[in-house]
Each structure stands twice: as C-alpha cells, then as structure tokens.
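A quick write-up on the structure given underneath.
Just so it is clear, none of the values below were taken in a lab; they were calculated from the coordinates. It should be emphasised that the depicted structure is a prediction, and the values quoted were computed from it without experimental measurement. No Cβ is skipped: glycine too gets one built from the backbone with ideal geometry, and neighbour counts run over all protein chains shown.
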Amino acid sequence: ERVLGAHDEL
Amino acid sequence: MNVFRLLGDVSHLVAIIILFLKIFRSKSCAGISGKSQVLFALVFTTRYLDLFTSFISIYNTVMKVVFLVLSYATVYLIYLRFRSSYDSESDTFRVEFLLVPVAGLSFLENYDFTPIEILWTFSIYLESVAILPQLFMITKTGEAESITTHYLFFLGLYRALYLANWVWRYHTEGFFDQIAVVSGVVQTIFYCDFFYLYVTKVLKGNSKLTLP
C-alpha cells in the first residue's frame with residue numbers, strides 16, 4: 001500500500 | 001528510481017518540449033487543442049502542490065518546476081501570444097464533461113480525505129482524460145501535422161513506460177498505487193488507436209497524419 005502523502009513519482 | 005520511470009519522465013519531457021518548440025518556432029498553434037493544454041497545466045498544478053512542502057530529490061523538484069513552467073508557457077503561447085492561429089472552432093470538446101466526473105470521483109475514491117490528497121487524486125484522474133480534447137480535435141479536422149503526432153507519441157509512451165515502472169516496483173519493492181495504475185491503464189488505452197495510426201502512417205514517411 002502506498003505511503004500516504006509521500007508521492008515520489010512525477 | 002528505475003529505468004522505466006526514468007525513460008518515462010524523459011519521454012514526458014521530450015513530448016512537452018516538442019510541443020512548446022513547435023508552437024514557439026512555427027509561431028502557430030494550428031491543430032493544437034488549447035483545452036488539453038489547459039487541462040495538463042491544471043494536472044501539474046494540482047499534483048505538484050507538495051513542491052514546497054515535501055522534498056523528495058533534486059531531480060523530483062527540478063522536473064516538477066520544468067513541467068509547470070513549460071505547461072503554463074505553452075498555454076500562454078496558445079491563448080495569448082499566438083491566439084490568432086488558435087483554431088477554436090475545431091477545439092470544441094466539452095471539458096466540463098471531464099472535470100465534473102473527475103472531481104466527483106476524486107472525492108469518492110482517494111487514499112485520504114485531505115485537500116492535498118484529493119487534489120493529487122484529481123490530478124491523476126484528470127491526466128488520464130486530459131488528452132481527449134486533442135484526440136477529438138484531430139478526428140474532427142481529420143488530420144494532424146507530423147510534429148503533433150510525435151508529441152502525442154512521446155506523451156502516450158510516457159504513461160506506458162510508467163505502467164512498466166509500476167510492474168517493476170511491485171515485484172521489487174511491493175509498491176502498488178492502485179489509483180495511479182488504474183488511471184494509467186485507462187490513459188494508455190486512449191492512445192492505442194493513435195499508436196496504431198502513428199506506426200502504420202507517420203513512420204511510413206507520410207508528411208502528416210490524415211485519418212481515413
């Protein structure tokens with residue numbers, strides 16, 4: 001599951 | 001970072017630069033959908049709000065700034081600098097039919113009901129349909145300059161490479177971003193018929209893409 005708030009992709 | 005994501009970002013950057021240079025050097029935005037470019041500027045604006053709040057890497061920050069600047073500069077060229085060449089009669093897609101469902105869905109289906117997360121989700125959903133006014137304009141005019149097709153090719157290729165990036169990240173780090181993946185699949189599917197035309201017509205050396 002994706003880490004909330006941490007969008008490391010463009 | 002993996003090679004698919006890097007190639008995807010480069011492909012995205014190439015697409016945006018191709019379009020900007022095409023308009024800037026030909027001093028014309030004929031055949032270009034201003035509506036799609038406004039939607040892309042909106043995608044970057046709502047997605048990169050964390051530009052100043054969360055630092056990921058120099059690369060991440062630089063690319064976000066470059067995408068924002070070039071997308072707004074392109075909108076400026078279309079609607080202000082070279083607006084006499086903007087073909088508004090052919091750019092008639094009803095973007096409200098995109099914005100309302102996308103906005104509604106981003107409130108319903110998101111990871112966290114906070115403003116920045118809903119706006120990020122909105123940008124992901126919007127990006128998957130943002131090219132539709134441009135594809136609609138091409139079907140309406142029945143043709144597209146070859147430089148425009150190269151723009152669309154790299155733009156479509158970028159999200160296809162991101163699909164490969166997500167497969168890679170799933171198998172190497174268990175990363176799975178369902179909202180981004182589903183939207184990315186939808187986005188790439190919209191390009192499929194264009195990819196077919198691009199390979200069968202443009203790469204055969206035709207000066208421009210004319211739809212059958």
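Observations on the model:
- Projected label points at B:Leu211 and B:Leu80, each 7 Å from Cα along the beta carbon direction, are separated by 3.2 nanometres.
- GluC sites (Glu not before Pro) within the stretch B:64-114: DSSP coil, no more than 16 neighbouring Cβ in 10 Å: B:Glu89, B:Glu109
- Gain in span if fully extended, B:His171 to B:Tyr59, counting 0.36 nm per residue against the direct Cα distance: 37.9 nm
- Counting only other chain Cβ atoms within 10 Å of each residue's Cβ, the peptide B:68-76 averages 0.
- Estimated FRET transfer efficiency when R0 is 22 angstrom, pair B:Ala30-B:Ala73 (beta carbons, to 0.05): 0.75
- For chain B, the longest principal axis of the Cα atoms and the long axis of helix B:146-173 meet at an angle of about 20 degrees.
- Peptides B:40-47, B:192-199, ordered by how many other C-beta atoms sit within 10 Å of their residues on average, highest first, read B:40-47, B:192-199.
- Rounded to 10°, Cα long-axis angle of helix B:58-76 versus longest principal axis of chain B: 30
- Relative to the longest principal axis of the Cα atoms of chain B, helix B:115-129 runs at roughly 40 degrees.
- Calculated FRET efficiency for the pair B:Phe97/B:Val66, C-beta based, R₀ 30 Å, to 0.05: 0.50
- Contact order normalised by residue count of chain B, Cα under 8 Å, 6+ apart, percent: 31
- The mean number of partner chain beta-carbon atoms within 10 angstrom of a residue's beta-carbon across peptide B:165-175 is 1.
- Based on the Kirkwood approach, the hydrodynamic radius assigned to the stretch B:92-212 is 15.8 Å, with every pair of different Cα atoms included.
- Comparing the stretch B:1-128 with the 2.2 N^0.38 Å rule of thumb, its C-alpha radius of gyration ratio is 1.14 (two decimals).
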